[in-house]
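The values are calculated or read from the model by the stated rules, or taken from the named source; none is laboratory data. Bear in mind that the values here come from a model prediction, so they are computed numbers and not experimental data. A quick note on method: Cβ atoms are made from the backbone with ideal geometry, for glycine too, and the neighbour counts reach across all protein chains shown. Keep in mind that these areas ignore ligands, DNA and RNA; they rest on the heavy atoms of the full protein, side chains included. Shrake-Rupley method; radii C 1.70, N 1.55, O 1.52, S 1.80 Å.
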Amino acid sequence: MRSGWRRIGLPLLLFALGAALAVFALRQARDGVRLLPPLELTEPAPWFLDWRLARLDRSRALCDEVLRPPSIVATSIADRPLQNGCGWLNAVRTTEVAGARLSLAVLGCSMAAATALWMMHVVQPAAERHLGARVTALRHLGSYSCRNIAGSTWLGDMRSEHATANAVDIAGFTLAGGRQVSVLRHWPGDTAEARFLREVHAGACRYFRLVLGPDYNAAHRDHFHFDRGTFTTCR
Ligand SMILES: [Zn+2]
């Protein structure tokens, strides 16, 4: 009898412990926002970054708490619930990131936070190192656009991340003093501008889930596409 209990009791005890641990872990994951402090944009490599960025899109209060000057100047805008795959939730209007002008009427909260992280910890240091000046403005080709994925035949019928304001296309940078750096003109070659562009393209992969540049395809010869959608790649 005693050895029988030992045979069944121990696995049973281990199973109960395992189940209790699993429930605890799931609750921690669900309540994670309360356990982890809000994302700090001044920190270059926050823990659980991808997951903490994703949480921003689901909580207006958390978004307002995280998107603060001087990292970013952004104001929340009214939702436009999805219709036919297009619209946005919990988006912001941006005017400035890391001291540089960025005028976007609609950008998803996690995208805004990722853009601020990229500007502060990648773009501004790279601009000073390669070009001796800080970026004062970003030139873009838009964020929200109700359309399908461009420049791809096999994904042609899928909505672009732009259709939910979850993407931005960056075409160039204006530096203090007025010097211009353009993805289209400066990507090829081995100039200081080209080295700057390559570094900020590679550095974007730390904060965005999908990064595409001129080497990816002809549709991206004049801009970097950044998004925080389902797919993740760095090309
Ligand atoms: Zn794009």
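Please work out which residue is surrounded by the most Cβ atoms within 10 Å (Cβ to Cβ), limiting yourself to the stretch 188-235 and to residues that are free of Cβ contacts under 8 Å to residues at least 40 places away in the same chain and of a type in the set (Asp, Glu). Residue satisfying both the conditions and the ranking: ASP215.
Please tell me if GLY32 is at pLDDT below 80 and loosely packed, with under 11 Cβ neighbours inside 10 Å. Against the criterion (at pLDDT below 80 and loosely packed, with under 11 Cβ neighbours inside 10 Å), GLY32 does not qualify. Going by the conditions given, is LEU184 open to solvent by 10 Å² or more (accessible area, probe 1.4 Å), of a type in the set (A, V, I, L, M, F, W, C) and in contact with a helix residue (DSSP H, G or I) (Cβ under 8 Å, 6 or more places away or on another chain)? Considered against the rule, which asks whether it is open to solvent by 10 Å² or more (accessible area, probe 1.4 Å), of a type in the set (A, V, I, L, M, F, W, C) and in contact with a helix residue (DSSP H, G or I) (Cβ under 8 Å, 6 or more places away or on another chain), LEU184 comes out as no. Taking the conditions (1) at pLDDT 95 or above; (2) out of contact with any helix residue (DSSP H, G or I) (no Cβ under 8 Å at 6 or more places or on another chain); (3) not in a loop (DSSP other than H, G, I, E, B) in turn, ILE8 satisfies each one other than (1).
Of the numbered criteria (1) within 16 Å of the ligand (Cβ to nearest atom); (2) under 23 Å from ALA113 (Cβ atoms); (3) crowded, with 17+ Cβ neighbours inside 10 Å, the one LEU141 fails is (3). Restrict the check to the stretch 158-165 and report whether at least one residue is among the polar types (S, T, N, Q), within 16 Å of the ligand (Cβ to nearest atom) and open to solvent by less than 20 Å² (accessible area, probe 1.4 Å). Yes, that holds for at least one residue.
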